[in-house]
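Structure first, then comments.
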Amino acid sequence: MSFISESKLASYRTRTETFSADNIVNLKESTYSDKSRPMIFLSHKHDEQTILQDVIAFLKDEGVDVYVDWMDSSMPAYTNAETAHKLKQKIKVADKFILLATQSAINSKWCNWELGLGDAEKYINNIALFPINRSNQVFYGAEYLRIYPRIEYQDGSTQYIGGAYIPKGYYVFYPEDKDGNSRLLPLKKWLKL
């Protein structure tokens with residue numbers, strides 16, 4: 001699994017504003033009305049604010065809206081059973097589910113629970129991991145994550161099976177099939193499907 005570095009993401013934060021509850025779209029319980037901009041449910045570890053800001057900026061730059069639970073004024077002030085019920089509904093309504101896959105998020109009970117809900121509602125075409133790494137670490141004990149598509153940056157040096165080079169950019173890589181082949185889609189295309 002390739003990781004996107006925190007420093008690469010930081011460039012998006014410097015090009016855009018800081019995000020708050022005032023400029024994050026609220027994902028309504030019924031349906032999200034602006035179908036021209038897909039809505040992403042972003043599962044993340046709450047104490048990773050800098051990474052979260054970077055990923056929100058990155059995703060907004062890709063032309064989508066982002067739902068972040070703690071920026072939603074309709075959510076309870078403290079986590080409880082109502083929080084869980086509301087999160088289930090919001091994951092169901094969102095067009096896509098992305099887990100901001102840091103080591104802390106992978107170790108989080110809430111993030112794993114949300115990933116399970118995302119799996120049930122969005123697998124395999126509308127769910128992806130966004131692996132972020134500080135120092136090329138390996139996520140031991142989370143091998144189950146290999147069944148999910150993942151967002152990766154390609155620098156133009158990787159070849160397709162046929163020998164042509166994959167152009168620079170962000171892609172969603174699907175898990176290998178039984179023959180060891182993997183398919184990929186440009187991230188912009190995946191977000192619009």
Kindly evaluate ALA120 against the criterion of being over 21 Å from ILE40 (Cβ atoms) and at pLDDT 90 or above. no
Given the structure, is ASN133 over 17 Å from ASP69 (Cα atoms), polar (S, T, N, Q), loosely packed, with under 14 Cβ neighbours inside 10 Å and within 15 Å of the chain's Cα centre (by Cα)? no
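Here's the yes/no breakdown for (1) surrounded by fewer than 22 Cβ atoms within 10 Å (Cβ to Cβ); (2) modelled with pLDDT under 90; (3) at positive phi:
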position	(1), (2), (3)
GLU17	yes, yes, no
ALA21	yes, yes, no
ILE24	yes, yes, no
SER30	yes, yes, no
LYS45	yes, no, no
LEU87	yes, no, no
ILE98	no, no, no
ALA101	no, no, no
Here are the criteria: (1) among the hydrophobic types (A, V, I, L, M, F, W, C); (2) more than 20 Å from TRP190 (Cα to Cα); (3) modelled with pLDDT of 90 or more. Tell me which single one MET71 does not satisfy. (3)
Checking ARG150 against (1) of a type in the set (D, E, K, R); (2) surrounded by 14 or more Cβ atoms within 10 Å (Cβ to Cβ); (3) out of contact with any Ser or Thr (no Cβ under 9 Å at 6 or more places or on another chain); (4) closer than 22 Å to LYS178 by Cα, the condition it does not meet: (3)
Scanning region 171-193 for residues that are under 10 Å from ARG150 (Cα atoms) and hydroxyl-bearing (Ser, Thr, Tyr), which turns out nearest to the chain's Cα centre (by Cα)? TYR171
Which of the residues that make up region 60-76 are over 16 Å from LEU100 (Cβ atoms) and of a type in the set (Ser, Thr, Tyr)? SER73, SER74
Does PHE41 meet the test of being at pLDDT 85 or above, among the aromatic types (Phe, Trp, Tyr), surrounded by 14 or more Cβ atoms within 10 Å (Cβ to Cβ) and not in a helix (DSSP H, G or I)? yes
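The values are calculated or read from the model by the stated rules, or taken from the named source; none is laboratory data. Everything quoted here is computed from the prediction, not taken from an experiment. For neighbour counting, all protein chains shown are included, and Cβ atoms are generated from backbone atoms with ideal geometry for every residue, glycine included.
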